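Data block below; observations after.
Every number here is computed from the coordinates shown, using simple stated rules; none is lab data. Because the structure is a prediction, the values reported are computed rather than measured.
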Amino acid sequence: MKKITILVCTALFCLFAVCGCTRRPLPDLPEDASAFEMGVFIDEVHDNDSFVTIEYGGRTYIQYGTTNNKYSQTCVESCIGYIMQDKYSSSVTDPDNTDRRIYTLSGDPERNFLMDFDSSVKLMNQPTFFRAVDTKGKDIVLPYYIDPLGYEFWGEE
């Protein structure tokens, strides 16, 4: 009887652990979603390094970082649109694909960062964070869940 009780308790524990690890879904793509076209930013100061860009709210954003272990989907505020699949996008060839989405972040009211996330990737998918170019050299709050990738443009090596 004791072995059966231990087996049942172990099975229940595993079930709760698996259910507890599921993520809450990211916000849906809105009806009035923006279709973002990616561009290219050339950093002429640092060996003409190039970055893909996103234009939003009159600002230019370039790649900045990825997540650390402290990231959760509660860090995401809302979905504002998707990246059009073009020559600067990933290898997806379907121009109507809207799986690569752009999100605003909670705790970032100045909109210094945007998140790029491909919702079609189900396993081992990490978002990429873009930072507004006009924040270079400024003292801004870096969300605790973003790890900079060390691009020279941002003064990080």
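Report the full-extension gain for the segment Val141 to Arg59: residue separation times 0.36 nm, less the Cα-Cα distance, to one decimal in nm.
On the way: separation 82, 0.36 × 82 = 29.52 nm, distance 1.75 nm.
Value of the extension gain: 27.8 nm.
Full extension of the segment from Asn69 to Val40, taken as 0.36 nm per residue of separation minus the current Cα-Cα distance, would add 7.5 nm.
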